[in-house]
Amino acid sequence: MTWADIGALDDIPAQGARVVKTAAGCVAVFRTADDRVFAMADQCPHKGGPLSEGIVHGTSVTCPLHAWVFSLESGEAQGPDAGAVATFAVRIEAGRILLDMRRLARRVAA
Amino acid sequence: MKRKLVIIGAGMASGRMLETLLDMAPDAYDVTLFNAEPRGNYNRLMLSPVLSGEKTYEEIVTHDEAWYAARGIETRFGEHVVRIDRARQVVISARGETHYDKLVIATGSAPFILPVQGKDLPGVVTYRDLEDTNAMIAIARPGAKAVVIGGGLLGLEAAAGMAARGAEVVVIHIMGHLMERQLDPSAGYLLQKDLERRGIKVHCRGATKAILGHDRVEAVALDDGTVYGADLVCMAVGIRPEVRLANDAHLEVGRGIVVNDQMTTSDPAIHALGECVEHNRQLFGLVAPLYDQAKVLAATLAGQAAAFRPVQTATKLKVTGVDLFSAGDFAEGPGREDIVFRDPGRGIYKRLVIEGDRLLGAVMYGDTADGAWFFSQIKEGSDISAMRDTLIFGPGFQGAAPADPLAAVAALPPEAEICGCNGVCKGRIVTAIQGGAVTLDAVRASTKASASCGTCTGLVEQVMALTLGGGFKANANPPLCKCTDHTHEDVRRLIKAGAMKSIPAVMQELGWKTAGGCATCRPALNYYLIADWPLDYRDDRQSRFVNERNHANIQKDGTYSVVPRMWGGVTTPAELRAIADAADKYKVAMVKVTGGQRIDLLGVRKEDLPAIWADLNDAGMVSGHAYSKGLRTVKTCVGSEFCRFGTQDSTGLGIKLEKMLWGSWTPAKVKLGVSGCPRNCAEATCKDIGVVCVDSGYEVSVAGAAGMDVRETLPLCKVATEAEVMEAVAAFVQLYRENARYLHRIYKWVDKVGLDWCQAQIADPATRRALCDRFQLSQSIYQVDPWAEHAKPAERAKWAALADLTLEAAE
Ligand code: SRM
Ligand SMILES: Cc1cc2nc3c(=O)[nH]c(=O)nc-3n(C[C@H](O)[C@H](O)[C@H](O)COP(=O)(O)OP(=O)(O)OC[C@H]3O[C@@H](n4cnc5c(N)ncnc54)[C@H](O)[C@@H]3O)c2cc1C
Ligand code: SF4
Ligand code: FES
């Protein structure tokens, strides 16, 4: 299974985020003002701030600890700061949010 | 021999299909057409003009008796098909069985009905067919009250139609802005304004709780306690494909009846088209793709090859006088960029969404003349790189001027107040300039505008620039952030002068350059709106910094600290026990006495916050707002109750002040101190507001600080009674709330506006009283314990992870 159903779109406030726990660490799932979703590691490359708690504006998020700004699309830090966060594919189907688990799931021996 | 074709549903899709089929292969089939409605095909889209009175039903009929007769079609109108027997290839209706060689299901959709109490009362209608339309026409007349539930395309057309007939209409919409599927918040705001101008009341974020009434509908009650009287309720909250027949016949059904590219269902003898189908997991709610389906199905039935490929759709709201257009995919997304154009003066908003060299989507409001052109660029996937810079100005345009930052000021009416201190309106300033006052000093001398606190200087200069034209150069204060050219002060004043009451309203009216603002402007705007419109505006939690959104201070490791209020620094053994119990129960990392005379529980996990708050609430404690731009602490000393030097009850006064001020939002944090004598053990003279008790009364001083700057307070007033202290402090806090720029502590603001001006406002009894009243009004709404609200059982799940997939395994 590569796409995991993590919840309904309405579980995430518009211009907000929720966290999903995975074997590869916490993933922040963002919802923009116009109902797009994005997923990225919930850890700022600066000092580990929880990006899920940042202010979401357009398709960017501002880290709550020291205000670095990241593109939700590419995971790249914007402006003068250098660094990037891992992003993961996520999509909406019939109001449900599906997260691509290929790089997040624990592999088990068959 | 002719084969037998049976069609269930005489709607928009099957009507077009029949026309095409009979053109291609007039003699292939004997056709029987069933329709549940007691009539044949008509243009359903045009029900809205029928409702508003701009058209009659007769004008929207597409196929009349003569048309069916001429083509030998057997019409079975008013007759429901109740079952399909696939084994015997017959459909069953009231008048018996009808055999088919080929069957077409074109049953459209059924309106979704909210499962609330009262939904079946007479007077509750949906908006789908002529019966619904006639029911609305029968009720909608001057004086009648109608409530429309649902602020999407259909709901708004119903609302506008009934309003056009004179009814008083309220639209209740669950989301934050109208037509959220087609419009972004800015366009939604303009639409709301237009509808309100026609007398339609719009209630966003309204959840319907029940429809009330005995024999017929009388009112609609919302979750937030609002009740709207209603002679008619129109439910337009969405549609779902009408799939019951297909389900019962065990055809493959997802959300709709599943069809392939040839519009064939899982049974080769049965086809389906229209809103009832699902193609490649997609449903359809607008006619354009249905017409394409109709052509494909006609070809399939005529034995020709054809394949359905869904195309982009465009939406227009059919409300006369409202210009709105949205097409393609205008959501933000990976690699996508926005081009935004706003002309506040003319109420125009346009937004294009671009990816690489392609235009993906467009939203327009106010000026949709170029809609069709943009739509064709989207459909054709044209390379727009060469015209990118001027694309937003439409097909004929080259080298347009950028949006004018003066437009917002230009749009203000003459009576809009520019200078709050001296009550000077725009008209008076313009008259003075036209009368020869061409310098700022001259305007100040003749009108007094900008002559007091000076924060409106930018606006006065803009009025001068507008009146004098190119010759005048306005000052160069830094703008609020990169999203706007306006300064904080100008934004504050324009919000008041233009009565702007939402973030999208401010962004639209003031020509914001980004679609959704940024982390700098959003919290500032949210504060300004709360301070200026306590009754109308609702706090936007997503525009708040993490601490204020989560009502706790975030720590460097992502945990939080919890500080309950300890009024005036006074506590009880019971409170201390409850704090100790909470510290044990939630395994807090450290219990610390703060510099603000209370106790901090550090290292609480986010998911535990609601539970620890509930425990502290149970012991009678509320949030200490140790995280807010709002009232923090009121430090006190022991005062006359215990101390041998105390002159007044400083502890009691501190508690009273804290109980009056807590919960209020301010531009930056506010701290008070109350000392019982000039020895000043509560350090009152380095606080934002300090009270020092003396034999003859109380010395109130303001604008102290002991953080990054250390300042001694400056005297505001000296009064004789506690009541006067309370009034002076409330008035001063309100003065600060109404005038300071976001994130400026009191001392920074007083540096700008001058202590004299503050003293004069507080000294004047009428001004002081009015400020006090406005403060109390705001407190009547905002003085609520946020912990209690978020600790409610229904809220708790939102504080935990959305999902736990740690055990999820890949295959
Ligand atoms: C808990 C406390 C320290 C303590 O253990 O005693 C504290 C802790 C913080 N202070 Fe403070 N301040 C605390 C009393 C003070 C005081 C003393 C006072 O209030 O009498 C001051 C100086 C007085 C003043 O404000 O003028 C003080 C001046 C600051 C400043 C500088 C403000 C300024 O305008 O210059 C900041 C930074 C800011 O607000 O931007 C700050 C910011 C902070 C923050 C909120 C930093 C942050 O944004 O995360 C700290 C939060 C720690 C946490 O996670 O809980 N804290 N801070 C005190 C809480 C008091 C309370 O009960 O609410
Ligand atoms: C007020 C209004 C305004 C609209 N405005 C627009 C617009 O501006 N632009 C746009 O693109 N779209 C608009 N639409 C949507 C558009 O009308 C629909 O997409 C379109 O009508 C769907 O066509 P259809 O043939 O699938 O279904 P319908 O037109 O709904 O036809 C289905 C027919 O099947 C009948 N039926 C259902 N079950 C049975 C049964 N068991 N037996 C017999 N008969 C049955 C129904 O009575 C109905 O007559 C509007 C819709 C409404 C209601
Ligand atoms: S302020 Fe004065 S009265 Fe109060 S504790 Fe200090 S010394 Fe005593
Ligand atoms: S941890 Fe994110 S900016 Fe410092």
Unit charges on C-beta of K, R, D, E only; dipole of the range B:650-742, Debye: 260 debye
Taking the dipole about the Cα centre of the range A:3-109, with the C-beta of Lys and Arg at +1 and of Asp and Glu at -1, give me whichever of A:SER71, A:ILE6, A:GLY95 is farthest to the positive side. A:ILE6
Partner shielding of A:12-19, taken as the mean number of other chain Cβ atoms within 10 Å, equals 5
Additional length obtainable on full extension of the chain from B:ALA307 to B:LYS119, 0.36 nm per residue less Cα span: 63.5 nm
Within 10 Å of each Cβ in peptide B:539-552, how many partner chain Cβ atoms are there on average? Round it to a whole number, please. 3
How much mean residue ellipticity at 222 nm does the protein assembly as shown get from its helices, if each DSSP H run of length 4 or more adds -39500 (n - 2.57) and you divide by all residues, to the nearest 500 deg cm²/dmol? -8000 deg cm²/dmol
Please state the shape class of the range A:3-109: rounded when a/c is under 1.5, otherwise prolate if a/b exceeds b/c and oblate if not, all from the C-alpha gyration tensor. oblate
Assign one of three labels to the range B:558-632, namely rounded, prolate or oblate, based on the Cα gyration tensor with a ≥ b ≥ c the square roots of its eigenvalues; rounded applies when a/c is under 1.5, prolate when it is not and a/b is larger than b/c, and oblate otherwise. rounded
To test your reading of the geometry: what angle, between 0 and 90 degrees and rounded to tens, separates the Cα axis of helix B:153-164 from the longest principal axis of chain B? 80 degrees
Residue by residue, what Karplus-based ³J(HN,Hα) values in Hz, rounded to whole numbers, does the range B:47-63 have, using 6.51, -1.76 and 1.60 with θ = phi - 60° and x for Gly and Pro? 4, 5, x, 5, 4, 7, x, 7, 9, 10, 4, 4, 6, 10, 5, 9, 9
Quickly work out the B:LYS592-to-B:ALA25 label distance, labels modelled 7 Å from Cα along the C-beta direction, and quote it in nm with one decimal. 8.2 nm
Residues B:ALA766 and B:ASP441, FRET efficiency given R0 of 41 Å [Cβ-Cβ distance, rounded to 0.05]: 0.85
Given points 7 Å out from each Cα along the Cα-Cβ axis, report the B:ASP261 to B:ARG86 separation in nanometres with one decimal. 2.3 nm
Scoring only Lys, Arg, Asp and Glu (+1, +1, -1, -1) among other residues with Cβ under 15 Å from the Cβ of B:ARG644 yields -2
Rounded to the nearest 0.05, FRET efficiency between B:VAL784 and B:LYS501 (Cβ-Cβ, R0 22 Å) equals 0.60
Using a simple charge model, +1 on the beta-carbon of Lys and Arg, -1 on the beta-carbon of Asp and Glu, nothing else, what dipole does the protein assembly as shown show about its Cα centre, in debye to the nearest 20? 1400 debye
Give me the extension gain from B:ASP215 to B:PHE77: residue separation times 0.36 nm, minus the current Cα-Cα distance, reported in nm with one decimal. 46.5 nm
Straight distance only, please: which lysines reach the Cα of B:LYS102 with their own Cα at less than 30 Å, same-chain residues fewer than 8 apart left out? B:LYS2, B:LYS4, B:LYS295
Test of understanding: express the Cα radius of gyration of the protein assembly as shown as a ratio to 2.2 N^0.38 Å, with N the residue count. 1.10
Taking neighbour counts of Cβ atoms within 10 Å as a proxy for exposure, in what order, fewest first, do B:ILE239, B:ILE579 appear? B:ILE239, B:ILE579
Let a ≥ b ≥ c be the square roots of the eigenvalues of the Cα gyration tensor of the range B:650-721; is it rounded (a/c under 1.5), or, if not, prolate (a/b larger than b/c) or oblate? oblate
Counting DSSP beta bridges with both partners in chain B, what percentage is antiparallel, nearest 5? 65 percent
With everything on Cα atoms, drop me the angle between helix B:609-618 and the longest principal axis of chain B, reported from 0 to 90° to the nearest 10. 60 degrees
Could you sort out which of B:LYS587/B:LYS671; B:LYS659/B:LYS718; B:LYS687/B:LYS718; B:LYS209/B:LYS798 sit more than 20 Å apart by Cα distance in this structure? B:LYS587/B:LYS671; B:LYS659/B:LYS718; B:LYS209/B:LYS798
Give me the net charge of B:LYS669's neighbourhood, meaning all other residues with Cβ under 9 Å from the Cβ of B:LYS669; Lys, Arg count +1, Asp, Glu -1. +3
Provide B:LYS718, B:LYS669 in ascending order of the number of other Cβ atoms located within 10 Å of each residue's Cβ, fewest first. B:LYS718, B:LYS669
3J(HN,Hα) from dihedral phi, the range B:728-737, Karplus parametrisation 6.51/-1.76/1.60, rounded to Hz, x for glycine, proline: 5, 5, 4, 5, 5, 4, 5, 4, 5, 4
For the range B:113-237, diffusion coefficient by Stokes-Einstein and Kirkwood Rh (Cα), 4 °C, 1.567 mPa s, µm²/s: 92 µm²/s
What FRET efficiency do you get for B:HIS99 and B:ASP536 if R0 is 56 Å and r is their Cβ-Cβ distance, rounded to the nearest 0.05? 0.30
What is the fewest-to-most order of B:ILE211, B:ILE348, B:ILE105 by other Cβ atoms lying within 10 Å of their Cβ? B:ILE348, B:ILE211, B:ILE105
Counting only DSSP beta bridges with both partners in the range B:1-76, the antiparallel fraction in percent, to the nearest 5, comes to 10 percent
From other protein chains only, count the Cβ atoms within 10 Å of every residue's Cβ in A:26-38, then give the mean. 5
Tally Lys/Arg at +1 and Asp/Glu at -1 over every other residue whose Cβ is under 14 Å from the Cβ of B:LEU51; what's the total? 0
If I model a spin label as a point 7 Å beyond the Cα along the Cα-Cβ vector, how far apart are those points for B:ARG240 and B:GLU795 in nm? 3.2 nm
If you restrict to DSSP beta bridges whose two residues both lie in the protein assembly as shown, what percentage is antiparallel, to the nearest 5? 70 percent
Which order do the peptides B:353-361, B:410-418, B:434-442 take when ranked by the mean count of other beta-carbon atoms within 10 Å per residue, highest first? B:353-361, B:410-418, B:434-442
Given +1 on the Cβ of Lys and Arg, -1 on the Cβ of Asp and Glu, and no further charges, what dipole in debye does the range B:512-593 carry about its Cα centre, rounded to the nearest 20? 240 debye
Enumerate the amide H contacts of B:VAL694 below 5 Å, restricted to partners 5 or more residues apart or on another chain; note that Pro and chain-start residues carry no placed amide H. B:GLU699
Relative packing of B:92-103, B:526-537, which averages over residues the other C-beta atoms within 10 Å, highest first: B:526-537, B:92-103
Derived scalar couplings ³J(HN,Hα) [the range B:253-261; Karplus, 6.51 cos²θ - 1.76 cosθ + 1.60; whole Hz; x for Gly, Pro]: 10, x, 7, x, 6, 6, 10, 8, 5
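Laboratory data are not the source of any read-out in this text; all were calculated from the coordinates shown. All values derive from a computational prediction rather than experimental measurement. Positions of Cβ are backbone-derived with ideal geometry, glycine not excepted, and every protein chain shown enters the neighbour counts.
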